[in-house]
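Data block below; observations after.
The values are calculated or read from the model by the stated rules, or taken from the named source; none is laboratory data. Just so you know, these numbers come straight off a predicted model, no measurement behind them. In this analysis, Cβ positions are derived from the backbone assuming ideal geometry, glycine residues included, and neighbour counts consider all displayed protein chains.
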Amino acid sequence: MKTLDQIQHIEKEQIAFLNFPKEEVLDKKKEVKDRCQKLLRALRLGNLEHVKVKIRFIDNEGIKEVETTIWGVTSKYVILKKSMVLPLERIISIS
């Protein structure tokens with residue numbers, strides 16, 4: 001995994017211009033389950049208290065991070081403010 005100084009911080013509006021491979025980025029089922037639980041918690045915080053979270057994900061160029069509010073979570077996507085979407089399987093962490 002890349003170091004912190006190699007993580008590109010982007011604005012949520014830039015997500016629309018990124019390309020995402022279809023592969024899952026997490027190796028273990030527990031990691032996938034934990035990611036889902038963290039996303040649902042972030043969704044509640046965003047809807048109830050308008051709290052922003054940092055989402056790290058991998059596109060076809062490398063690791064990126066966006067700070068935003070999560071508005072929805074489906075079985076395949078995370079919906080962000082301004083209708084931006086991230087493929088669920090490309091997210092590596094939520095904080």
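Here are the numbers for the structure shown:
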item: Selection from region 33-67 of residues that are β-branched (Val, Ile, Thr) and at pLDDT 95 or above; result: 53, 55, 58, 63, 66
item: Qualifying positions in region 12-41 - assigned to a helix (DSSP H, G or I) and either farther than 18 Å from residue 75 by Cβ or of a type in the set (S, T, N, Q) (or both); result: 12, 13, 14, 15, 16, 17, 30, 37
item: Count of residues meeting criterion [in contact (Cβ under 8 Å) with a residue 24 or more places away in the chain and out of contact with any strand residue (DSSP E or B) (no Cβ under 6 Å at 6 or more places or on another chain)] in region 71-86; result: 3
item: Pairs with Cβ under 6 Å, 6+ apart, first in region 11-30 and on the phi < 0 side of the Ramachandran plot and among the aromatic types (Phe, Trp, Tyr), second surrounded by 10 or more Cβ atoms within 10 Å (Cβ to Cβ) and part of a loop (DSSP other than H, G, I, E, B); result: 20/59
item: Residue in region 85-95 that is farthest from the chain's Cα centre (by Cα), counting only those that are aliphatic (A, V, I, L, M) and either at pLDDT below 95 or part of a strand (DSSP E or B) (or both); result: 85
item: Meets criteria (among the hydroxyl-bearing types (Ser, Thr, Tyr) and within 16 Å of residue 12 (Cα to Cα)) for residue 75; result: no
item: Residues located in region 42-75, provided they are outside any strand (DSSP E or B), of a type in the set (D, E, K, R) and either surrounded by 14 or more Cβ atoms within 10 Å (Cβ to Cβ) or touching a Pro at 6+ places or on another chain (Cβ under 9 Å) (or both); result: 52, 59
